[in-house]
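S.K.: Supplied in structure tokens, the structure appears directly below.
The values are calculated or read from the model by the stated rules, or taken from the named source; none is laboratory data. All values derive from a computational prediction rather than experimental measurement. Cβ sites come from the backbone with ideal geometry, for glycine too, and all protein chains shown count toward neighbours.
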Amino acid sequence: MKKVVISAFAILLAITACKKTENVQPTADPVVTDDMEATNAVLGVSEPAYTVRTIAGVFEPTVSDPHLRNGPGPQAKFYKPHGIAIADDGSIYIADFLNDAIRKITIQNNVYSVPFSSNPQSGGLLPEAVEIGSDGTIYIVSTGYGIRIYNKERGIDIVSRIGNADSNLDIEKDNKGVFWFVNDNSLGKITNTTIQRNVVNFSDLLVPNTNDRLRGVGVAPNGVKYVSCTTRLFKVAADGSVTRMLPNEKFTYISGISVSTDGSTIYIADGNVIKRIVNNTVTTIAGPNGGSGKDGIGLAADVVAANLALSNSGKALFVTDTRNTIRKIILP
């Protein structure tokens, strides 16, 4: 397992070393984050449930130069965006994996790269996922580079890395401001700047001698967490007990989880398809459809989801698409 990660890691380093960057002058585009309620009210627009719109990025089934471009959402460029998080002010943060960068989409729909001070301990980012504290502190989990906690204004720059292949694949903030993350076989947490690994160990639940490992995490009220491995979904109670959910459901590859604030609805990215789970019933709401990257309503749109996050109001999903775009889905 570790040999595979290290080999992939070396390849990714070579790729990111060659990336190109370009900046385009930002513009005052209409607000796109959260719900666009103000904009829609002015325009008299009412969007149907599960309307899918591309809010940022240039659709690219295969990448072209420059790999990274800042500027207005429709002109910005990403390179295999993975994790996505919504800040308290409604801005969106993206773990732009192969660009080795954290990107921010402002509420005016302008995209820029978040600057980081040089830290010789970090080695790089290769961010799998990102989260934002209420004070602006950035929490990053990555492939190969472990965990980084960063807030320039507060003088915080912490790197926690175990060996050369410290692979942590997802992170999410709960309603108490605690950050939960997954590595290969355990659930960990970060409180302020204190990192606690192996809070809940899943080794006995994973298939030995395979690539079965933890992949996604989502948080719900009352201390409940949802954790995925490749093809299974688990519920972690506040006391740390683990139960498997929907054992008869055939999942493909659960790469992202987001849970409504009341805990009643779970959204997952499974095999690039976006699914909703309510009362143990699974419904597909969007997914791959023809390869054009088109917008549309529900299954009429073409979405290849990597990860997802609910808006602060719970009325929209924001999705990273593997074809280098960021999508928004209106919820009922």
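S.K.: Under the condition of being crowded, with 24+ Cβ neighbours inside 10 Å and among the aliphatic types (A, V, I, L, M), which residue from segment 127-146 is nearest to I257 (Cα to Cα)?
M.R.: A129
S.K.: In segment 236-276, what residues are surrounded by 14 or more Cβ atoms within 10 Å (Cβ to Cβ), closer than 25 Å to P288 by Cβ and among the β-branched types (V, I, T)?
M.R.: Within segment 236-276, I254, I257, V259, T265, I266, I268, V273, I274 qualify.
S.K.: If you don't mind, there's one more thing I want to ask. In the list L331, L317, L308, which residue meets the criterion of being surrounded by 23 or more Cβ atoms within 10 Å (Cβ to Cβ) and touching a residue at least 60 places away in the same chain (Cβ under 8 Å)?
M.R.: When all the criteria are applied, what remains is L308.
S.K.: Further, regarding this structure: Within segment 143-159, count every residue that is at pLDDT 95 or above, closer than 24 Å to F202 by Cβ and of a type outside the set (A, V, I, L, M, F, W, C).
M.R.: Number satisfying all stated conditions: 1.
S.K.: Could you grab me the full set of residues in segment 181-235 that are acidic (D, E) and buried (at least 17 other Cβ atoms within 10 Å of the Cβ)?
M.R.: Listed by number, the residues that qualify are D184, D212.
S.K.: Further question on the same structure: Out of segment 152-162, which residues are without any contact (Cβ under 8 Å) to a residue 40 or more places away in the chain and assigned to a loop (DSSP other than H, G, I, E, B)?
M.R.: K152, E153, R154, G155, I162
S.K.: Go through segment 112-134 residue by residue and tally those that are modelled with pLDDT of 95 or more, within 17 Å of I195 (Cβ to Cβ) and not in a strand (DSSP E or B).
M.R.: The qualifying residues number 1.
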